[in-house]
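Here the structure is laid out as structure tokens; the discussion comes afterwards.
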Amino acid sequence: MTTVKHLVVGAGFAGLGMAIKLQESGEVDFLVIEKGSDVGGTWRANDYPGAACDVPSQLYSYSFAPNPDWSMSFSPQPEIQAYIRRVAHEAGVLDRFRFEVALETATWDDEARAWQVTLSDGSGVSATNLISGAGGLSEPKLPDIDGIEGFQGEVFHSARWNHDVDLTGKRVAVIGTGASAIQIVPELQKVVGHLDVYQRTAPYVLPRNDRRYTGVEKLAFRHLPLVQRAYRTAIYWGRELYVPGFTLEPKLAWPAKKLALGNIAKGINDPELRATVTPDYEIGCKRILISNTYYPALASGNVEVVTDGIAKITGDAVVTSDGVERPVDVLVVATGFFTTEQPIAAAITGRTGATLAETWRETGMVAYKGTTVHGFPNLFQIVGPNTGLGHSSMVFIIESQIAYILDAIRTMEREGYSSVEPHLDVQNRWNDDLQRRMQRTVWNSGGCASWYLDEEGRNTTLWPRTTFTFRRLLAQFDVASYAVTGPAPSPTPAPTNEKVSA
Ligand SMILES: Cc1cc2nc3c(=O)[nH]c(=O)nc-3n(C[C@H](O)[C@H](O)[C@H](O)COP(=O)(O)OP(=O)(O)OC[C@H]3O[C@@H](n4cnc5c(N)ncnc54)[C@H](O)[C@@H]3O)c2cc1C
């Protein structure tokens, strides 16, 4: 059994950033476990053709590790992955990472005031603080289609791309038209014999204002850090301008809608196909995507957009509800991830003996400040409930949460607290306010079904305010919102000093 002060789960932007900031603040007693074989998280897993970020890299990167070498404004996956690897190496934290090990169970031990954790390699860890960076878009969601398990050809999810399969000249089907699919389709269209794209809901796709950075810009980024900082700041504020269109009045987003419809008109001549890919809900209700190549790819001779629902899959074909059978060699499943039901929630058992998944069964995912949960002392989640964004960089949110968690740790050490847990009424007020704000957002009222909403129609994934408000609200660990306990019992049991703050 290993004993550590902080156990961090996941080595994506969240887990790695947490590790770096723990080390910087002198908290060296930590362990990071990652079920994959490398750092990177999303950017390790999603190496499908065409994978790239859709928030400019100047902003979609750590504020404390600017990269003067981004080649493009929206970097391709290999560059982002290389960046994350480099940051990890340069920070000198990797000796405290264990790869190919998953958290299997974590149970709060109220007597020891610690998390007792079992890992997939059979070992155990006891940790004062459990910090989850397990990712909001990490566990692939496979479609429940009749017959899919009997398909004789290759089938793989976009986040588990099988690079051993040569798609040249093959008949390929892509199921889904979300963020990953619209990056994959133009790449596949170039090489496959025929491509069927199965669309349930058409996305809004804006032009991708991508460009290569010039040598002069890169030199300036390297030698004049303030120039790069100014780029980042300008991008940040430009993105915040989207917020009122999402959260107050969808009509404010008309310029974006115009651009999206113009993008269809530019990429597709056929009026029937144009109609097929024109969304019938408010822009922003589902994630807004960016591409210059998606519509031209759909309009090419070897692609068919299929809107009839998939009824079943046979050994070698996809059959739609109208009875049409389309033969296929390879199925690419681009149907997204578990978002409103996080797999790790079933593994974490809190103070009352209920798992996080059980605790959330009635309410949907709820937390305080997207980070801590009543009933789960010393559990900190990065990218927890209602922290996702439709418009800006998740790294900004992640860094805000890391700072909050660090301040919680400092507070605990300074005051001698062995556990902190948000009061239920405080957590309820936080979530009531979020859900009240949510009613006005385009995500809840824009007339679409999306992965932002759970089965009850609650939006438990997105943050409905500006990102600077999020940062301000998490700027300090607000200990008054928490029940705290005094020092943990020593091995020879001593009476505990229960101290509950107002
Ligand atoms: C294709 C794609 C493109 C995206 N593009 C953007 C973008 O342009 N801009 C943006 O802001 N956001 C984007 N996102 C969202 C992206 O997920 C976040 O920006 C960010 O990378 C999340 O980092 P994370 O560390 O929280 O989670 P992740 O990167 O998902 O990392 C979580 C890690 O935890 C590990 N893990 C999970 N469970 C366990 C367990 N039980 N035990 C051990 N390890 C575990 C996983 O293996 C994974 O490596 C994109 C997401 C996807 C899927």
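In segment 115-218, the inverse of the mean reciprocal separation of distinct Cα atoms equals 18.1 Å; this is its Kirkwood hydrodynamic radius.
Once the chain from residue 449 to residue 163 is taken as fully extended at 0.36 nm per residue, the excess over their C-alpha distance is 99.8 nm. With contacts taken as Cα pairs under 8 Å and at least 6 residues apart, segment 7-54 reaches a relative contact order of 45 percent. Amide H contacts for residue 206 (H built 1.01 Å from N in the peptide plane; partners 5 or more residues away or on another chain; cut-off under 5 Å): 289, 290, 291. Modelled spin labels at residue 261 and residue 241, positioned 7 Å past Cα toward Cβ, are 2.1 nm from each other. With the highest mean first, a sort of the peptides 421-427, 383-389, 410-416, 471-477 on other beta-carbon atoms found within 10 angstrom per residue produces 383-389, 421-427, 471-477, 410-416. For the chain, the longest principal axis of the C-alpha atoms and the axis of helix 424-438 are separated by about 20°. Just to be sure I understand the curve: with the Debye formula and one point per C-alpha of segment 318-361, what is log10 I(q)/I(0) at q = 0.24 Å⁻¹? Calculated log10 I(q)/I(0) at the listed q: -0.85.
The modelled label-to-label distance for the pair residue 146/residue 120, using points 7 Å beyond Cα in the direction of Cβ, is 3.4 nm. Averaged over residues, the count of other Cβ atoms within 10 Å places the peptides 29-35, 448-454 in the sequence 29-35, 448-454, highest first.
Over what distance in Å are the Cα centres of segment 223-257 and segment 79-95 separated? Going from one Cα centre to the other spans 28 Å.
Highest mean packing first, where packing is the average number of other Cβ atoms within 10 Å per residue, the peptides 193-204, 123-134, 241-252 line up as 123-134, 193-204, 241-252. Taking a point 7 Å from the Cα of residue 63 along the Cα-to-Cβ direction, the residues of segment 387-414 with backbone N closer than 20 Å to it are 387-411. If you wrap the tightest convex hull around every Cα atom of segment 343-431 and split its volume per residue, you get 105 Å³. The portion of the accessible surface of segment 1-144 made up by carbon and sulfur, rounded to a whole percent, is 50 (1.4 Å probe; DNA, RNA and ligands excluded).
Rg/Rh for the chain stands at 0.98; both radii use Cα atoms, and Rh follows the Kirkwood definition. Computed from phi, the 3J(HN,Hα) profile of segment 278-287 under the Karplus parametrisation 6.51, -1.76, 1.60 (θ = phi - 60°) reads 8, x, 10, 9, 5, 5, x, 4, 9, 4 Hz, with x in place of Gly and Pro. Comparing Cα centroids, segment 334-365 and segment 275-312 end up 32 angstrom apart. Amide H contacts for residue 97 (H built 1.01 Å from N in the peptide plane; partners 5 or more residues away or on another chain; cut-off under 5 Å): 32. Working note: Cα gyration tensor of segment 1-63, eigenvalues times five, square-rooted, sorted largest first, giving semi-axes of 26, 16, 6 Å.
Taking each residue as 0.36 nm, the span from residue 352 to residue 468 lengthens on full extension beyond its C-alpha to C-alpha distance by 38.3 nm. For segment 256-391, the convex hull spanned by the alpha carbon atoms encloses 182 Å³ per residue. Between residue 433 and residue 98, the modelled labels are 3.9 nm apart [label points 7 Å from Cα along Cα→Cβ]. Stokes-Einstein diffusion for segment 175-327, with the hydrodynamic radius set to the Kirkwood value over Cα pairs and evaluated at 4 °C in a medium of 1.567 mPa s, equals 72 µm²/s. Taking amide H positions as modeled 1.01 Å from N, with prolines and chain starts lacking one, the residues under 5 Å from residue 337 and 5 or more places away or on another chain are 141.
Computed on the chain, with alpha-carbon pairs under 8 angstrom and 6+ residues apart, the relative contact order is 18 percent. The long axis of helix 13-24 is offset from the longest Cα principal axis of the chain by roughly 30 degrees.
The values are calculated or read from the model by the stated rules, or taken from the named source; none is laboratory data. Here the structure is a predicted model, which is why all the values come from computation and not from measurement. Cβ coordinates were reconstructed from backbone atoms using ideal geometry, including for glycine residues, and neighbour counts include every protein chain displayed. Calculation scope for accessible area: heavy atoms of the full protein, side chains included, ligands and nucleic acids excluded. Shrake-Rupley method; radii C 1.70, N 1.55, O 1.52, S 1.80 Å.
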